1. Has the range 53-70 got any residue that is buried (at least 19 other Cβ atoms within 10 Å of the Cβ), at negative phi and in a loop (DSSP other than H, G, I, E, B)?
2. Pairs under 7 Å by beta carbon, first residue more than 19 Å from Gly48 (Cβ to Cβ) in the range 10-25, partner open to solvent by less than 30 Å² (accessible area, probe 1.4 Å) and at pLDDT below 95, six or more apart or different chains?
3. Out of the residues in the range 20-37 that are of a type outside the set (A, V, I, L, M) and open to solvent by less than 50 Å² (accessible area, probe 1.4 Å), which is farthest from the chain's Cα centre (by Cα)?
4. If Gln40 satisfies all but one of (1) farther than 16 Å from Ala17 by Cβ; (2) in contact with an Asp or Glu (Cβ under 6 Å, 6 or more places away or on another chain); (3) open to solvent by less than 60 Å² (accessible area, probe 1.4 Å), what's the number of the condition it fails?
5. Scanning for something free of Cβ contacts under 8 Å to residues at least 60 places away in the same chain, open to solvent by less than 70 Å² (accessible area, probe 1.4 Å), of a type in the set (Phe, Trp, Tyr) and not in a strand (DSSP E or B), does the range 76-98 turn up at least one residue?
6. Looking at the structure I just gave you, is Tyr68 touching a Cys at 6+ places or on another chain (Cβ under 7 Å), of a type in the set (Phe, Trp, Tyr) and modelled with pLDDT under 95?
7. Could you count how many residues in the range 35-50 are among the hydroxyl-bearing types (Ser, Thr, Tyr) and under 23 Å from Gly95 (Cα atoms)?
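The values are calculated or read from the model by the stated rules, or taken from the named source; none is laboratory data. Please read all numbers here as calculations on a predicted model, not as lab measurements. Glycine gets a Cβ as well: all are built from the backbone with ideal geometry, and neighbour counts include every protein chain shown. The accessibility values were calculated without ligands, DNA or RNA, using every heavy atom of the protein model including side chains. Shrake-Rupley method; radii C 1.70, N 1.55, O 1.52, S 1.80 Å.
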Amino acid sequence: MGPYTLIPGKPKRLLTAATTGNGAIFVPDGAIARATIVLQSTGTTSGGAVSIEECYFDNIGTVDGIEYAGTWSVIQSVSASTFTGGAQVVVHVLGSVWALRCRISSTITGGGTVDAWVYGN
C-alpha cells in the first residue's frame, strides 16, 4: 500500500467525559491509510450523537497549523444510545485523512458522558 506508519505511537484522546462540543484534533497529515476511533460511555447515554469528522487545513510552516473554522465533513455519526452503560463502539475509517475529530453533534442525555480515542496506521 505505501510507507504508512502508526501515528501517533499510541492512541490519542479526542473526547474526555464530554456531553457537548468539539473534541481534540488528530492530524496525521494524510500519512495513514486507516484510522480507528473508539467511543466509550460512562454511565447512561440514552440520547445524543457523536459525529466523526474530517477536514483539511494548511499547517505548513507552523507547529499546530491554523485550525479550519468552517463546517467539517461528517464521515459517520454514531448514536450515543448504542454504547450506553460503559460499552464501546469501534469505528474504522478506511482511507487517508488530513485531520480528524469527534464532535458531539447532538447533546448527550441520560446523565452519562462520552470518551473517544483515535489511532491510525
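1. No; the residues of the range 53-70 include none that is buried (at least 19 other Cβ atoms within 10 Å of the Cβ), at negative phi and in a loop (DSSP other than H, G, I, E, B).
2. Lys12/Phe26; Ile25/Ala99
3. First, the residues of the range 20-37 that are of a type outside the set (A, V, I, L, M): 20-23, 26, 28-30, 34, 36.
When the remaining residues are screened for being open to solvent by less than 50 Å² (accessible area, probe 1.4 Å), the result is 21, 23, 26, 28, 30, 36.
Values: Gly21: 12, Gly23: 7, Phe26: 8, Pro28: 13, Gly30: 15, Thr36: 9 Å.
Among those residues, the one meeting the criterion is Gly30.
4. The single condition Gln40 does not satisfy is (1).
5. Yes, the conditions are met somewhere in the range 76-98.
6. Details: touching a Cys at 6+ places or on another chain (Cβ under 7 Å): yes; of a type in the set (Phe, Trp, Tyr): yes; modelled with pLDDT under 95: yes.
Considered against the rule, which asks whether it is touching a Cys at 6+ places or on another chain (Cβ under 7 Å), of a type in the set (Phe, Trp, Tyr) and modelled with pLDDT under 95, Tyr68 comes out as yes.
7. Of all residues in the range 35-50, those among the hydroxyl-bearing types (Ser, Thr, Tyr) come to 36, 41-42, 44-46.
Within this subset, residues satisfying the condition of being under 23 Å from Gly95 (Cα atoms) are 36.
Qualifying residue count, the range 35-50: 1.
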